[in-house]
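Below: one structure, written as structure tokens.
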Number of protein chains: 2
Amino acid sequence: MARRSSRARGSASKGRGSAPSHAPASPHIKRCIPFYDILDAEQVARLEAQVDWLLEDKGIAFFDDTQALDLWRREGATIGGEDGNIVRASAAWIRDLCRKAPREFTQLARNPERSVVIGGKNQVFAPIYGAPFVRDLENGRRYGDIAAFNDLVRLTYMLPHLHHGGFVTCEPCDVPVSKRHLDMLLAHMTLSDKPHLGAITEMSRAQDSVDMAEIVFGRDVMADNCVIMGNVNTNSPLLIDKVVTQAIRVYCGRGQGIVVVPFILSGAMGPVTTAASAAQAMAEAMMACAYAQLIRPGAPFVLGNFLSSMSLKSGAPTFGMPEPVISNYVIGQLARRAGLPLRCGGSLTASKIEDAQAAYESADAMHSTMLAGANYVLHAAGWLEGGLCTGFEKLVMDADRLGSYQKVLAQGLDVSDDALARDAYDEVAPGGHFLGCDHTMRNYRDAFYEPQLSNSENVESWEETGAKDMRRRAYDRWTGMLEAYVPPPIDPATKEALEAFVAKRKVELPDAWY
Amino acid sequence: MARRSSRARGSASKGRGSAPSHAPASPHIKRCIPFYDILDAEQVARLEAQVDWLLEDKGIAFFDDTQALDLWRREGATIGGEDGNIVRASAAWIRDLCRKAPREFTQLARNPERSVVIGGKNQVFAPIYGAPFVRDLENGRRYGDIAAFNDLVRLTYMLPHLHHGGFVTCEPCDVPVSKRHLDMLLAHMTLSDKPHLGAITEMSRAQDSVDMAEIVFGRDVMADNCVIMGNVNTNSPLLIDKVVTQAIRVYCGRGQGIVVVPFILSGAMGPVTTAASAAQAMAEAMMACAYAQLIRPGAPFVLGNFLSSMSLKSGAPTFGMPEPVISNYVIGQLARRAGLPLRCGGSLTASKIEDAQAAYESADAMHSTMLAGANYVLHAAGWLEGGLCTGFEKLVMDADRLGSYQKVLAQGLDVSDDALARDAYDEVAPGGHFLGCDHTMRNYRDAFYEPQLSNSENVESWEETGAKDMRRRAYDRWTGMLEAYVPPPIDPATKEALEAFVAKRKVELPDAWY
């Protein structure tokens, strides 16, 4: 760790190879190609009727939070169930509440050039969230720590097709749980200038996140703008616990954003069928959105979805499989109809290492995520082992493919006169070639996406340079990037204030490992 | 080779592991999800105007084939150009001729249960075509030979998500070029009972292909049915040579099918822009289709497209990149408008081995191929090194992912009452689990695609069983499959007649290596 960490802080001038560009033309993707609607009108009607039935007849339990139940009761919902915590409400009312959430909103970044628009035709990619382990080719698999975490924040900052920092890129397991969020926030706020999320695991940690964001952005800016968001899971099936409602109160209460994500392994936390699990996810997330709008009408809300399939052999979750591919397309269409920004998918895999399985599964999961119109994509890079492990090589490999998706979405097909190239056909005879013609010379520089990690040499050249597979090339790339890393500029007073806040809170908080 | 080949012919009873199922529920995919139309009306209009301009103003050269030029002249086309071989024709007339080709047609297989429908909403996957090299984990990279070829035909026969045998799964380089087609045809016709293609490289080889098909199917069946097809490339840009026109005369002349494929590396055989290259490909293939319809109105025709991007570093073709991903979607839409079955895409990569690069690129290429509605997909499995090499591991790895695509396309989203699972919610409380509920027990068996090569174990179990990556697991799978191989039944008289035909032709033909 120490080795990598010290290298990361070394002089930029000794970086090997060319320093990667990390100033994207656009801080997020402005999609120009149409959405793909996989469902016909009847399928939509049946799924939405199921959502309504869940909201009205089955209801959603709000667990261990009388404050939330009281609000629902005051607003006119029916509270019932054995434990008196199941909220049932008219679907029309819930849908009306959801319409108060913005279809799209801006999350400001510390660097205004990196502020992102979330929702509508905009798409934002962020790295893996929540893995306790990390893996790289040199050090193998091990618990995450703060040195690895900081390096992952640095890499995310430098990778041009990651638009957003996420938050728990790995768990810094060497820092007490009670203080971990402070170090992570400080890293995102100082080692990067991309937008990021805050903590949610405990109400005071969410509070610290919003307070530190206020140090960065100032009270006035924060009053009118989303500058930080929380990302939180429901307890599927049909249960929203106080982690969710408290996070909504802290974040939305201060006008900040919240992402609420039903995580449903079909057959466990939802029925084994994709249609039922997708409808359940919609119902849970819409109920959370409605609650957020009761707390603060117009609060930025992202409807999350994380639906996975299962191996019949082991009962383990599987990724990149046809059922979640379909559910990405389905949930994309349903979210657009509900008028809510969507989080779904990612570069997901059950593979333990960066082999072909990891890449096939990640690509199919991410191609469908991309085409489905997901507005905010956590886990877009770095995910291994069903999310238990952040791969350093996987992070830069996935990010390289994200550049391809960005081009598909943002450029689509140019049919301008120049793109149709009629002049080129005057220069080139039938059976000839276009290599040197004027049109090619004018256009070749921007014609093709230039991946960093795909090798297109012939086999002889590839063998001469060591027959490196993509994993090895990825190792070379991320280690070279860390050598070239230069932190983004920050106002020294802001940095001091953040460090002082962290120091003070670390004194106030006990060391706790849960 | 000999080792593998003899093992392949060994007893099925000693096959290790479970014998893979190779009787798919459907011999091809009947797509139930909608097509994705990436182009808006204006883009379509501009691309089709470009196609018309190419047909009417620029024209297509028909090279080295006076018979083809004479026919075009008789039918009323304008013949011009310096060499007097450029055919220009009214676009409306060419489009009318293309409409004579069937929107969908059946290619009979020797085993009627494996006959495939090509066109419309049907999609058919076939393996790599034309690689001179093969590669596997045990023997490394080497020239293809007839033993490897036969094994690849056996594997293709056994893989349930390859619906069609293709033809030159690798080049059997140990057999003289002049006789190679005979051995390949005999292998497809006896070691497998799936539909396949025939030879096109020389007119007499195409003739042999159709003659051998007649032995299998009989003159009467063949008079009324497509039982074999040729697959042939134009010489882009805007040139169709006699290999194409002769193949059309041999195959279509006998009522058989033809696939004509412009292979365009953008910036070399077409302009560097995707729009221009896609329009050029449409113009070339439609002109070939029109010629086929002049030869025999109603001849089965598949409009091919193979558009690749380029590395600016090396000038080498690249695969799985955003430009060909977009062109798959574009060409799918244009082919549907032209009313022609489409061949495009495949599991394509520039990688030399079955690493993550190979899988990322193959998956993005194939996901877009699948969703674009490609009706006949050569190169759907086994492709490495830009098509120079057939990988044994890659073949079974890709084929495993094809099963996932098949489920996405053919099943879509079930929204039946049972799929919506309302009864399950009566059994499961909020926060509970669906693992043992009635609905799960009724549905789990078919709920999830069960891949053969994806490992979803936890890291400890995976390490205990040897920490095998997907490539190693794929090696185990294909070697195990060959041990379990049993040839499909064939009428002994048919087999004898085929062998006699091959023997006779081998005597008649000189050994030639070109």
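Some notes on this structure:
- When the range B:252-267 is filtered for residues that are more than 14 Å from every other protein chain (Cβ to nearest Cβ) and in contact with a Phe, Trp or Tyr (Cβ under 6 Å, 6 or more places away or on another chain), the ones remaining, listed by number, are B:258, B:261.
- Check on residue B:276, away from every other protein chain (no Cβ under 14 Å) and either at pLDDT 95 or above or surrounded by 24 or more Cβ atoms within 10 Å (Cβ to Cβ) (or both): no
- Residues that are away from chain B (no Cβ under 14 Å), under 31 Å from the mean Cα position of the chain (by Cα), surrounded by fewer than 21 Cβ atoms within 10 Å (Cβ to Cβ) and part of a helix (DSSP H, G or I) within the range A:67-94 comprise A:67, A:71, A:91, A:92, A:93, listed in sequence order.
- Taken over the range B:419-431, the criterion of being more than 13 Å from residue A:264 (Cβ to Cβ) and surrounded by fewer than 17 Cβ atoms within 10 Å (Cβ to Cβ) is satisfied by B:422, B:423, B:426, B:427, B:429.
- Of the listed requirements (1) touching a Pro at 6+ places or on another chain (Cβ under 9 Å); (2) more than 15 Å from residue A:338 (Cα to Cα), residue A:243 misses just one: (1).
- Number of the exception - residue B:192 against (1) hydroxyl-bearing (Ser, Thr, Tyr); (2) under 23 Å from residue B:395 (Cα atoms); (3) surrounded by fewer than 20 Cβ atoms within 10 Å (Cβ to Cβ): (3)
- Residue within the range B:387-394 that is of a type in the set (Val, Ile, Thr), touching a helix residue (DSSP H, G or I) at 6+ places or on another chain (Cβ under 8 Å) and more than 7 Å from every other protein chain (Cβ to nearest Cβ) present: yes
- On the stretch given as the range B:423-439, residues that are in a helix (DSSP H, G or I) and either at the interface with chain A (Cβ under 7 Å from one of its Cβ atoms) or on the phi > 0 side of the Ramachandran plot (or both) total 3.
- The range A:41-66, subset outside any helix (DSSP H, G or I) and more than 12 Å from residue A:89 (Cβ to Cβ), residue farthest from the other protein chains (Cβ to nearest Cβ): A:65
- Which numbered condition residue A:292 misses (of (1) more than 12 Å from residue A:97 (Cα to Cα); (2) crowded, with 24+ Cβ neighbours inside 10 Å): (1)
- Single residue of the range B:440-477 satisfying the filter (assigned to a helix (DSSP H, G or I) and within 7 Å of another protein chain (Cβ to nearest Cβ)) that is farthest from residue B:138 (Cα to Cα): B:440
- Residue in the range A:379-390 that is in contact with a Leu (Cβ under 7 Å, 6 or more places away or on another chain) and of a type in the set (Val, Ile, Thr) present: yes
Residue-wise test of (1) free of Cβ contacts under 8 Å to residues at least 12 places away in the same chain; (2) part of a helix (DSSP H, G or I); (3) closer than 24 Å to residue A:123 by Cα.
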residue	(1), (2), (3)
A:200	no, no, yes
A:207	no, yes, no
A:211	no, yes, no
A:216	no, yes, no
A:223	no, yes, no
A:231	no, no, yes
A:235	no, no, no
A:243	no, yes, no
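- Filter result for the condition that a residue is under 30 Å from residue A:58 (Cα atoms), within 19 Å of the chain's Cα centre (by Cα) and not hydroxyl-bearing (Ser, Thr, Tyr), over A:232, A:227: A:232
- In the set B:248, B:331, only one residue is more than 28 Å from residue B:34 (Cβ to Cβ) and crowded, with 24+ Cβ neighbours inside 10 Å; that residue is B:248.
- Matching residues in the range B:173-188 - criterion: being surrounded by fewer than 24 Cβ atoms within 10 Å (Cβ to Cβ) and within 19 Å of the chain's Cα centre (by Cα): B:187
The rows are residues; the columns are (1) farther than 18 Å from residue B:290 by Cα; (2) surrounded by fewer than 24 Cβ atoms within 10 Å (Cβ to Cβ); (3) modelled with pLDDT of 95 or more; (4) within 10 Å of another protein chain (Cβ to nearest Cβ).
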{"position": "B:327", "(1), (2), (3), (4)": "yes, no, yes, yes"}
{"position": "B:338", "(1), (2), (3), (4)": "no, yes, yes, no"}
{"position": "B:341", "(1), (2), (3), (4)": "no, no, yes, no"}
{"position": "B:345", "(1), (2), (3), (4)": "yes, no, yes, no"}
{"position": "B:350", "(1), (2), (3), (4)": "yes, no, yes, yes"}
{"position": "B:355", "(1), (2), (3), (4)": "yes, no, yes, yes"}
{"position": "B:360", "(1), (2), (3), (4)": "yes, no, yes, yes"}
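- Odd one out for residue A:245 among (1) away from chain B (no Cβ under 14 Å); (2) among the hydroxyl-bearing types (Ser, Thr, Tyr); (3) touching a Ser or Thr at 6+ places or on another chain (Cβ under 7 Å): (3)
- Boolean, residue B:323 is at pLDDT 95 or above and more than 28 Å from residue B:93 (Cα to Cα): yes
- Selection within the range B:21-40: residues that are more than 12 Å from chain A (Cβ to nearest Cβ), part of a loop (DSSP other than H, G, I, E, B) and surrounded by fewer than 17 Cβ atoms within 10 Å (Cβ to Cβ). The member of this set that is modelled with the highest pLDDT is B:26.
- Residue B:486 falls short on exactly one of the conditions (1) under 31 Å from the mean Cα position of the chain (by Cα); (2) surrounded by fewer than 21 Cβ atoms within 10 Å (Cβ to Cβ); (3) assigned to a helix (DSSP H, G or I), and that condition is (3).
- Scanning the range A:185-216 for residues that are more than 22 Å from residue A:253 (Cβ to Cβ) and aliphatic (A, V, I, L, M) yields A:186, A:187, A:191.
- Residue match in the range A:9-16 (condition: at pLDDT below 95 and under 28 Å from the mean Cα position of the chain (by Cα)): yes
The values are calculated or read from the model by the stated rules, or taken from the named source; none is laboratory data. Since the model is a prediction, treat every value here as computed from it, not as a measurement. Reconstructed Cβ throughout: ideal geometry from the backbone, glycine too, with neighbour counts over all protein chains shown.
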